[in-house]
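**Q** My questions all concern the structure below.
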Amino acid sequence: MSVPSPSTIATPARTLDVNRVRQDFPILRQLRQGHPLVYLDNAATTQKPQVVLDAISRYYTRDNANVHRGVHRLSEQATVAYEGAREKVRQHLNAADVGEVIFVRGTTEGVNLVAQTFGRMRVGPGDEVLVSGMEHHSNIVPWQLLCQEKGALLRVVPFTDAGELRMDEFERLLTPRTKVVAVVHVSNAIGTINPVGDIVRLAHERGVPVLLDGAQAMSHLSIDVRALDCDFYAFSGHKLFGPTGIGVLYGKRQWLESMPPYQGGGDMISSVTFEKTTYNELPYKFEAGTPHIAGAVGLGAAMDYVAAVGHDAIQTHEADLLAYATEVIGSIPGVRLIGTARRKAAVVSFVVDGVHPHDLGTVLNEEGVAIRTGHHCCQPLMARYGLPATARASFALYNTRTEIDALRHALENAKRMFGA
Amino acid sequence: MSDLRELYQEVILDHNKRPRNFRTLDPADRRAEGFNPLCGDHLTLFLRLDGNTVAEVAFQGSGCAISKASASMMTDRVTGTTLEEIEALFGAFHAMVTGRPGDTAVSPALGKLAVFAGVCEFPARVKCATLPWHTLQAALKDQKSIATTE
């Protein structure tokens, strides 16, 4: 066997062949109102490649049974598929061990789990939980509930007009009363990539653990939880080309060991009597009930897909889309971009003089262009900008410059229609 | 494009650009706030009553073209009508915008409001059209809480 020369060693591609990638997503082949579907609502959810659909179908066709229990062959197959997916997640996140990878329904459940177990254990009267002003409601409300219950205070790190966190304020707000920091990695509303490395470092210097909301970050960035050194990282599978209803909470083993269970039920126990229950080991202590096995399998397939396309290739492609969209959309007269941070993921939020975002969304839809309009579940962020809503185009690896041209065309039509 | 033109008729676009009765009334007999949490549409409605009849109605706020035009045209339509007539109008309006496309027999009482018939093709926009009406109802009932379409 000859030793392969470096050029023939299979490594993920550095560049992305977007036409080939598009072939992998069957939903993109359809026409809408006679126009090719231009799907620019990836921050809400991403489309699924055929390999994910096949993996789910194959699981139900070939392997379906309940996990961890049966001694029959199908149950073994289902368990192998489910735990195999967990191992894929571990690798994708570079977590130290699979015990730190908890399957949940999504980011929201991940945050709630941490707030209701870790938070309840750690936060007391007069303590503070520190979040940022650009959080999604799902990283605000769980902490609000906790603070109300405990008589604690929710403190908020402000951000600049450009949409960058005020790190000076972050440092100022980190006090001996701060018991948890919970910050979004990438803003779903305006695309800001927050300096989470600095956030974790500064918090840890003061002994404060950090949860990162990774819902948006996962599809845009390569995530290494050990390099980030965050204490918790939560994300949703459906924003990473996987199915809905499955997500992951990563947590450091030392914290997870110390935390009480979130929900009680089957699978999370070692033994049960009416007097006493012994909880199962990690990660099962936090996975009560039959899990979303097919969802986990689909998520594993999605992670394989992303790895095969290559993080570098995806980031290069998306950086090009972001630069192009910023230029093309930002240069339309009457359009104002909301969120112009120096480090951004491929999300462009904007408002158009004289055309309400909601009307824009409806008019664009008639040209097959799907964008999101509204407050993007970030009402405090919208209030900070003094806006009731924005229009948001969010991109993924299958989007093209041609689609951004279609967006511009539709925007210009909308402006004409409303006499703006 | 035809559905879109059906939705955004010239008269709607006109009321969006130049909303009628777009001001405050001070003093007002009734005042109510309406809010659509989904899209952030927000309006305040002011009423002056003469017995059982709406003598004057005005509104303020921000919202999409559909909600703004709906509020504008509603204020035009209900000025001088009785509370019972308003109740019937809201019923007819609601039936029109939530009806199945094509089979809606639009009540003649709606008059110019019939331009909103196209809304039924756009289920996501029904609440934009009905928010002013929900707010009007809240004002007439002297409801203190913010009216929503939920």
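The values are calculated or read from the model by the stated rules, or taken from the named source; none is laboratory data. Computed from a prediction, not measured in an experiment: that's the story for all the values here. Here Cβ is always computed from backbone atoms with ideal geometry, including for glycine, and neighbour counts include all displayed protein chains.
**Q** Looking at the range A:18-43 only, could you name the residues that are within 14 Å of another protein chain (Cβ to nearest Cβ) and surrounded by fewer than 16 Cβ atoms within 10 Å (Cβ to Cβ)? Quick ask: steps written out before the conclusion?
**A** Residues of the range A:18-43 within 14 Å of another protein chain (Cβ to nearest Cβ): A:32-35, A:41.
Within the range A:18-43, A:Arg32, A:Gln33, A:Gly34, A:His35 qualify.
**Q** Name the single residue, out of those in the range A:124-135 being crowded, with 24+ Cβ neighbours inside 10 Å and not in a strand (DSSP E or B), that is nearest to the chain's Cα centre (by Cα).
**A** So the residue we want is A:Glu135.
**Q** Has the range A:372-379 got at least one residue that is touching a helix residue (DSSP H, G or I) at 6+ places or on another chain (Cβ under 9 Å), more than 14 Å from B:Cys39 (Cα to Cα) and either modelled with pLDDT of 95 or more or not β-branched (Val, Ile, Thr) (or both)? Even if it seems obvious, please write down each step before you answer.
**A** Applying the first criterion (touching a helix residue (DSSP H, G or I) at 6+ places or on another chain (Cβ under 9 Å)) to the range A:372-379 yields A:372-379.
From what is left, the residues that are more than 14 Å from B:Cys39 (Cα to Cα) are none.
Scanning the range A:372-379, I find no residue that is touching a helix residue (DSSP H, G or I) at 6+ places or on another chain (Cβ under 9 Å), more than 14 Å from B:Cys39 (Cα to Cα) and either modelled with pLDDT of 95 or more or not β-branched (Val, Ile, Thr) (or both), so the answer is no.
**Q** Test of understanding: among A:Gly163, A:Gly197, A:Gly214, which residue is touching a residue at least 12 places away in the same chain (Cβ under 8 Å) and surrounded by fewer than 17 Cβ atoms within 10 Å (Cβ to Cβ)?
**A** One residue alone meets the criteria, A:Gly197.
**Q** With (1) under 21 Å from B:Thr81 (Cα atoms); (2) without any contact (Cβ under 8 Å) to a residue 60 or more places away in the chain as the list, and B:Arg31 as the residue in question, which single condition is left unmet?
**A** (2)
**Q** Would you pick out the residues in the range A:20-44 that are part of a loop (DSSP other than H, G, I, E, B), hydrophobic (A, V, I, L, M, F, W, C) and farther than 15 Å from A:Leu407 by Cβ?
**A** Listed by number, the residues that qualify are A:Phe25, A:Ala44.
**Q** Could you grab me the full set of residues in the range A:153-182 that are touching a Phe, Trp or Tyr at 6+ places or on another chain (Cβ under 9 Å) and of a type in the set (A, V, I, L, M, F, W, C)?
**A** A:Leu154, A:Val157, A:Leu165, A:Val180, A:Val181, A:Ala182
**Q** Right, something else. Among the strands (runs of 3 or more DSSP E) lying completely within the range A:249-362, list those that include at least 2 residues that are more than 14 Å from chain B (Cβ to nearest Cβ) and at pLDDT 95 or above.
**A** Result: A:335-338, A:347-352.
**Q** Still on this model: In the range B:58-70, which residues are touching a residue at least 60 places away in the same chain (Cβ under 8 Å) and away from chain A (no Cβ under 13 Å)?
**A** The answer is B:Phe59, and nothing else.
Matching residues to (1) modelled with pLDDT of 95 or more; (2) buried (at least 16 other Cβ atoms within 10 Å of the Cβ); (3) more than 9 Å from chain A (Cβ to nearest Cβ):
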{"site": "B:Glu10", "(1), (2), (3)": "no, no, yes"}
{"site": "B:Asn21", "(1), (2), (3)": "yes, yes, yes"}
{"site": "B:Pro37", "(1), (2), (3)": "no, no, no"}
{"site": "B:Gly40", "(1), (2), (3)": "no, yes, no"}
{"site": "B:Val54", "(1), (2), (3)": "yes, yes, yes"}
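**Q** Determine if the range A:382-397 includes at least one residue that is touching a helix residue (DSSP H, G or I) at 6+ places or on another chain (Cβ under 7 Å), part of a helix (DSSP H, G or I) and not assigned by TED's automatic domain parsing to the domain that holds A:Phe159.
**A** No, because not a single residue in the range A:382-397 is touching a helix residue (DSSP H, G or I) at 6+ places or on another chain (Cβ under 7 Å), part of a helix (DSSP H, G or I) and not assigned by TED's automatic domain parsing to the domain that holds A:Phe159.
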